């Protein structure tokens, strides 16, 4: 136990976690199932030491190992890292192997060598220096060229001698790439690709054709460095060893969830998004409510706020819709606020298309579409707070809206009468009577006091024929519902005033829009906080429409504050990263998807917490349409290529074509 605690303490900086006995068995068994599909439960049900090696191994003279197990077969080649044509600095093999579009294993066998003694590192180093001195002397006497590798070797030996003198820890290691495939032909192509890439980086890989079975045995967990592995050994200090990036993982997103794309490790721009997807084997999985879960190892935030920003046409709405649809298939209740009014028209068209798969049609039909458009008589009254809010919220919201409508014209008696009328109608509604906000106006218009009748007529004239009719019903209109699994709320004709506009300068339509925002805000807040045990997600598309006004910003802030305690996630979708800045709230976002927007490179880098450098500017600028920089809840920052399932392509990523675009495509094929 003491030894285990000591090791855990030393590895704490690497966030190492001890394996359970089940995990230990599985990883030992996994060495004998390379690239062979299998089920975890099937492997674990025969958990016995003797079954760890339950695989037949066949060696080939071509430097291939064939693995045959009950679950299938595969082919493997082990490629040792050979001599370098330069220095080891920045070879980054631990990262490079994760950039291939097929899986490559990377194993390192390392130990601290013996320094003193007859066979120690000092003796070997002195012998090498003496031999090198003779070579340099004989080369000078003969007039031959002193090659760079000899000069580099001399510098390396001198540097090592100084490290030994300073008692710097030295490491003897061997690094090995493990290439796997389903067939021999695939393995041959993959080995050739790996060797070509490493050759371009100045790193030599050895085929080790006749040592494959010995290498496999030497690289098993628990085995020490053998003579076979030492044949390709290197000696360096701790800094040189770290250049391999042995503990680096190029990943993004959660371990489980639904796929939203793939990590793009390329610095430059791809010709097309398809090329970027084909080049990556690193899938990104997304769990929308992960930030709110406890006990998740490595999670750096509990903030459920997600921000998606980028230029028009960059792919941010496609990503948001992909998250929306996957949440739709889960037990998450969804509200999508759509000021563009684009989703309903397009999705209903897809549902009517006979070529659309039946499961897609069912998902679309399961969505409750609500449009806030006064020009459509069916929409009048859908924002009636007396219909969709509970007693306390209905009272507060309805009173506040009427006070705002009559602002500047209300006396104390008016306010008292309005309050009583709202209370009476709300109580009648609670008892099951079909009444709504219109009945409040009727009570005021037919009040026994003339001054109350006058304010009732005033309020009625303000509402009649105006945008405010969206919030006034007779109780029979189907208002906004909290029971729907997914609601798309289309907002039309809302003209919100600019920030800091004086009240006397606000137009009538702007004033009416502000009043409706009271009801909309109450619905959104209630939607996210209705049931703490139920996960909810609220999407605000084109958030800049709301953020340009004070009342819109207050609505967003209200939705943002519901957050974690009520198990509610807010997704803000807008064009600029500046649209999502909250001066009154500096908590930031839990995760970000930043699509590129011209002129905002520095702002994007600052939002992601990255240094503003020319290299980073180019990195985010080189993204294609459909690519973004993703900052996840674990603090990982990577380029993401968004991938939409083919059967959902027309639904989530519509392609608008005309004759000109078709001719352009035909010309490109010539």
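The values are calculated or read from the model by the stated rules, or taken from the named source; none is laboratory data. Treat the numbers as computed from the prediction; the structure is a model and nothing was measured. For neighbour counting, all protein chains shown are included, and Cβ atoms are generated from backbone atoms with ideal geometry for every residue, glycine included.
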*Has the stretch 80-87 got at least one residue that is assigned by TED's automatic domain parsing to the domain that holds residue 209, under 18 Å from residue 160 (Cβ atoms) and assigned to a strand (DSSP E or B)?*
yes
*residue 167 is checked against (1) in a loop (DSSP other than H, G, I, E, B); (2) in contact with a strand residue (DSSP E or B) (Cβ under 8 Å, 6 or more places away or on another chain) and fails just one. What number does that condition carry?*
(2)
*From 158, 203, which residue is more than 26 Å from residue 32 (Cβ to Cβ), surrounded by 12 or more Cβ atoms within 10 Å (Cβ to Cβ) and free of Cβ contacts under 8 Å to residues at least 40 places away in the same chain?*
158
*Only listed residue being out of contact with any strand residue (DSSP E or B) (no Cβ under 9 Å at 6 or more places or on another chain), at pLDDT below 85 and surrounded by 10 or more Cβ atoms within 10 Å (Cβ to Cβ), chosen from 13, 8*: 8
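Does residue 57 meet the test of being farther than 30 Å from residue 251 by Cβ, in contact with a strand residue (DSSP E or B) (Cβ under 8 Å, 6 or more places away or on another chain) and at pLDDT 80 or above?
Taking the combined requirement at face value, the residue satisfies it.
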*Assuming residue 269 fulfils every condition listed in (1) surrounded by fewer than 23 Cβ atoms within 10 Å (Cβ to Cβ); (2) assigned to a strand (DSSP E or B); (3) over 19 Å from the mean Cα position of the chain (by Cα) apart from one, which condition is it?*
(2)
*Does residue 22 satisfy the criteria of being free of Cβ contacts under 8 Å to residues at least 40 places away in the same chain, farther than 30 Å from residue 147 by Cα and touching a helix residue (DSSP H, G or I) at 6+ places or on another chain (Cβ under 8 Å)?*
yes
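Given the criterion part of a helix (DSSP H, G or I), under 30 Å from residue 63 (Cα atoms) and at pLDDT 90 or above, identify the matching residue among 177, 220, 187.
Numbers: 177 fails: part of a helix (DSSP H, G or I); 220 fails: part of a helix (DSSP H, G or I).
Going through 177, 220, 187 in turn, the sole match is 187.
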*Counting just the residues of the stretch 444-463 that are within 12 Å of residue 421 (Cβ to Cβ) and surrounded by 19 or more Cβ atoms within 10 Å (Cβ to Cβ), which one comes out farthest from the chain's Cα centre (by Cα)?*
452
*Do you know which residues across the stretch 391-429 are surrounded by fewer than 14 Cβ atoms within 10 Å (Cβ to Cβ) and not in a helix (DSSP H, G or I)?*
407, 408, 409, 411
*If you check residue 139 against the conditions, is it part of a loop (DSSP other than H, G, I, E, B) and over 30 Å from residue 249 (Cβ atoms)?*
no
*Test set (1) modelled with pLDDT of 90 or more; (2) more than 28 Å from residue 243 (Cα to Cα); (3) surrounded by 12 or more Cβ atoms within 10 Å (Cβ to Cβ) - residue 62 fails condition number*: (1)
*Confirm whether residue 77 is assigned by TED's automatic domain parsing to the domain that holds residue 180, under 30 Å from residue 203 (Cβ atoms) and at pLDDT 95 or above.*
yes
*Can we say residue 280 is under 29 Å from residue 109 (Cα atoms), in contact (Cβ under 8 Å) with a residue 40 or more places away in the chain, surrounded by 17 or more Cβ atoms within 10 Å (Cβ to Cβ) and in the same structural domain as residue 620 (by TED's automatic domain parsing)?*
yes
*Flag for residue 411 being at pLDDT 90 or above and over 21 Å from residue 487 (Cα atoms)*: no
*asked:* Restricting to the stretch 304-328, name every residue that is modelled with pLDDT of 85 or more and in a loop (DSSP other than H, G, I, E, B).
replied: 304, 305, 310, 311, 314, 315
_Would you confirm, using the coordinates I've provided, whether residue 68 is more than 30 Å from residue 29 (Cα to Cα) and surrounded by fewer than 16 Cβ atoms within 10 Å (Cβ to Cβ)?_
no
_Condition met for residue 302 (without any contact (Cβ under 8 Å) to a residue 24 or more places away in the chain and assigned by TED's automatic domain parsing to the domain that holds residue 622)_ = no
*Complete set of residues in the stretch 430-439 that are surrounded by 15 or more Cβ atoms within 10 Å (Cβ to Cβ), within 47 Å of the chain's Cα centre (by Cα) and either in a helix (DSSP H, G or I) or free of Cβ contacts under 8 Å to residues at least 40 places away in the same chain (or both)*: 437, 438
*Pick from 178, 150: which is surrounded by 12 or more Cβ atoms within 10 Å (Cβ to Cβ) and more than 19 Å from residue 244 (Cα to Cα)?*
150
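What do you reckon, is residue 210 outside any helix (DSSP H, G or I), on the phi < 0 side of the Ramachandran plot and out of contact with any helix residue (DSSP H, G or I) (no Cβ under 6 Å at 6 or more places or on another chain)?
So residue 210 does not fit the description; no.
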*Report yes if residue 133 is surrounded by fewer than 13 Cβ atoms within 10 Å (Cβ to Cβ) and either within 16 Å of residue 199 (Cα to Cα) or modelled with pLDDT of 80 or more (or both), otherwise no.*
yes
*Give me a count of the residues in the stretch 285-300 that are in a loop (DSSP other than H, G, I, E, B) and surrounded by fewer than 20 Cβ atoms within 10 Å (Cβ to Cβ).*
10
*Grab the helices (runs of 4 or more DSSP H) fully contained in the stretch 592-664, keeping just those with 3 or more residues being at pLDDT 90 or above.*
601-608, 614-621
*State the number of residues belonging to the stretch 190-207 that are in a helix (DSSP H, G or I) and out of contact with any strand residue (DSSP E or B) (no Cβ under 6 Å at 6 or more places or on another chain).*
6
*Look through the stretch 332-349, keep the residues that are surrounded by 19 or more Cβ atoms within 10 Å (Cβ to Cβ) and assigned to a helix (DSSP H, G or I), and return whichever of them is nearest to the chain's Cα centre (by Cα).*
343
*Does residue 244 count as outside any helix (DSSP H, G or I), surrounded by 19 or more Cβ atoms within 10 Å (Cβ to Cβ), at negative phi and touching a strand residue (DSSP E or B) at 6+ places or on another chain (Cβ under 9 Å)?*
yes
*From (1) more than 19 Å from residue 206 (Cβ to Cβ); (2) surrounded by fewer than 16 Cβ atoms within 10 Å (Cβ to Cβ), pick out the condition that doesn't hold for residue 83.*
(1)
